[in-house]
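Read the structure below first, then the notes.
The values are calculated or read from the model by the stated rules, or taken from the named source; none is laboratory data. As the structure is a computational prediction, the values presented were derived from the model and not from experiment. Here the Cβ positions follow ideal geometry from the backbone for every residue, glycine too, while neighbour counts run over all protein chains shown.
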């Protein structure tokens, strides 16, 4: 749902609630009781759910991920002017949507999958960012899952007909062989050295 | 005027409290929705969500409470 619609529902709810606070006597009538039930129960729940959905959608945006200081080098790595850097070449050539670049390859981040422990880790990230001390360097909790590559590449002709990929397909699909950790496509963010590397500028 | 005279003061007080909590929760949620940041998500859930929840609980408990005269 568009953000404008969420704000519209929120404003309608706020108007009803303010009316009820200012004139609670209107709930004596049957219509007032219905209005109170809508304004103090149905609409607030609806607003909360719509707002939550909007927040989750917006948390998939690249700028959301990069709003934490610790993620800045990872954002810069998307602009490295070197075709061997997998995230950079995907970002610069629109192989992933630029406004959701992080989420496209990290769909298993704490907010989107996993149980209570995963959500707790997400809260811990916020705690570490603003109160504690973030762990350096940033590491994934689990090895990178080939699923993140295959949800785009699987079924693509140039991927499946490539001799190397075809020969290793079973191992790739089962994660026995990592796409990014087996010496094939292992040049990823390289965040610690990103400042010294040549960058691509979209204005060029 | 008749409606005002029939209004249960206890219910009116609870409606005002519930409405105030919900209105505050809605304001917090509205502000958090206009800021795309991890902290705004936390504020949305922890402050806005809590205020909405408390307001709804106050309203629902007022509905099922015995009528005071």
Here are some residues: A:25, A:36, A:88. Which one is assigned to a helix (DSSP H, G or I), touching a residue at least 12 places away in the same chain (Cβ under 8 Å) and at the interface with chain B (Cβ under 9 Å from one of its Cβ atoms)? A:36
With respect to the numbered conditions (1) in a helix (DSSP H, G or I); (2) at pLDDT 90 or above, which one is the sole condition not fulfilled by residue A:176? (1)
With respect to residue B:18, determine if the residue is surrounded by 17 or more Cβ atoms within 10 Å (Cβ to Cβ), modelled with pLDDT under 95 and facing chain A (nearest Cβ under 8 Å). no
Any hit, the range A:124-133, residues being in contact (Cβ under 8 Å) with a residue 60 or more places away in the chain and out of contact with any strand residue (DSSP E or B) (no Cβ under 9 Å at 6 or more places or on another chain): yes
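Condition check ((1) within 14 Å of chain B (Cβ to nearest Cβ); (2) modelled with pLDDT of 90 or more) across all residues:
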{"position": "A:66", "(1), (2)": "yes, yes"}
{"position": "A:83", "(1), (2)": "no, yes"}
{"position": "A:95", "(1), (2)": "no, yes"}
{"position": "A:102", "(1), (2)": "yes, yes"}
{"position": "A:110", "(1), (2)": "yes, no"}
{"position": "A:117", "(1), (2)": "no, no"}
{"position": "A:136", "(1), (2)": "no, no"}
{"position": "A:146", "(1), (2)": "no, yes"}
{"position": "A:155", "(1), (2)": "no, yes"}
Quickly run through the range A:125-158 and pick out the residues that are in a loop (DSSP other than H, G, I, E, B), more than 19 Å from residue A:175 (Cα to Cα) and more than 18 Å from the chain's Cα centre (by Cα). A:131, A:132, A:133, A:134, A:135, A:136, A:137
Kindly provide the set of residues from the range B:38-60 that are more than 9 Å from chain A (Cβ to nearest Cβ) and either in contact (Cβ under 8 Å) with a residue 40 or more places away in the chain or in contact with a helix residue (DSSP H, G or I) (Cβ under 6 Å, 6 or more places away or on another chain) (or both), ordered by number. B:43, B:47, B:51, B:54
Restricting attention to the range A:170-192, which residues are free of Cβ contacts under 8 Å to residues at least 60 places away in the same chain and crowded, with 16+ Cβ neighbours inside 10 Å? A:172, A:177, A:178, A:179
Please enumerate the residues belonging to the range B:11-69 that are closer than 30 Å to residue A:28 by Cα and not in a helix (DSSP H, G or I). B:65, B:66, B:67, B:68, B:69
Conditions: (1) within 17 Å of residue A:187 (Cβ to Cβ); (2) loosely packed, with under 13 Cβ neighbours inside 10 Å. Residue A:117 meets all but one. Number of the miss? (1)
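Residue-wise test of (1) modelled with pLDDT of 95 or more; (2) closer than 17 Å to residue A:33 by Cβ; (3) at the interface with chain A (Cβ under 7 Å from one of its Cβ atoms).
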site: B:6; (1), (2), (3): no, yes, yes
site: B:22; (1), (2), (3): yes, yes, yes
site: B:36; (1), (2), (3): no, no, yes
site: B:65; (1), (2), (3): no, yes, no
